[in-house]
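> I have a structure I would like to understand better, so I am pasting it below and will then ask my questions one at a time.
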Amino acid sequence: MSEEMRVVAEQVIVNPAIPMPQAREDALELAVREHARLVYRIAYSVLRNHHDAEDAAQETFLRVLRYQRRLDGVREPRTWLARIAWRVAVERRRKIPEVTLDKAVDVASGSASAEQILLGSETDRLLEGLIAALPSKLRDPLTLSTLEEMTPADIAGVLGVGEAAVRSRLFRARQVIKQKLAARLEGKHGT
């Protein structure tokens with residue numbers, strides 16, 4: 001979380017103009033401190049843009065502030081916040097025109113040759129394209145599992161589906177990507 005976002009979140013949470021019982025304020029502040037990175041990472045995994053992800057993270061915590069009464073009854077605040085972050089990011093993605101991903105390559109690091117960096121970048125673009133081409137029913141669980149390293153139970157909570165459905169969709173998504181990669185490799189070697 002950027003310093004600006006942390007300051008904004010703290011200002012919103014501890015603003016004395018907003019009367020809140022101390023216990024509720026403490027729970028909300030604790031939720032922000034513990035889960036701000038998770039919320040940002042989820043937003044970034046959907047939006048793939050730093051600034052948009054920060055905006056989505058701020059919107060997530062503003063919604064939490066708006067519905068703070070519900071926070072007291074939430075058994076799993078992490079999953080609850082992840083679900084809100086996911087929905088906010090998906091809403092924002094629908095409003096933002098599709099933009100191709102430009103990856104910056106740091107050749108100055110010297111840890112890999114230019115050829116290795118180029119090959120890695122091409123592989124990343126290929127995988128991103130294959131994942132983006134999946135139907136959202138398969139893409140969303142794969143994104144949360146792979147990029148956010150969430151458990152199937154957490155993913156089920158975020159997406160509002162059963163854990164068995166998440167496991168099935170993850171398996172199917174990986175199968176589809178494996179088949180498409182094999183077909184591409186076969187096409188390159190067959191020519």
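> Within region 49-82, track down each residue that is surrounded by fewer than 16 Cβ atoms within 10 Å (Cβ to Cβ) and assigned to a loop (DSSP other than H, G, I, E, B).
Tyr67, Asp72, Gly73, Val74, Arg75, Glu76
> Among (1) out of contact with any Pro (no Cβ under 8 Å at 6 or more places or on another chain); (2) surrounded by 15 or more Cβ atoms within 10 Å (Cβ to Cβ), there is one condition Ala173 misses while meeting the rest; what is its number?
(1)
> Can you say whether Arg33 is modelled with pLDDT of 85 or more and not hydrophobic (A, V, I, L, M, F, W, C), as far as the supplied structure shows?
Taking the combined requirement at face value, the residue satisfies it.
> Among the residues of region 68-83, count how many are hydrophobic (A, V, I, L, M, F, W, C) and at pLDDT below 80.
Result for region 68-83: 2.
> Right, Leu134: modelled with pLDDT of 60 or more and under 30 Å from Ala31 (Cα atoms) or not?
no
The values are calculated or read from the model by the stated rules, or taken from the named source; none is laboratory data. None of the values given here were measured: they were computed from a predicted structure. Cβ coordinates were reconstructed from backbone atoms using ideal geometry, including for glycine residues, and neighbour counts include every protein chain displayed.
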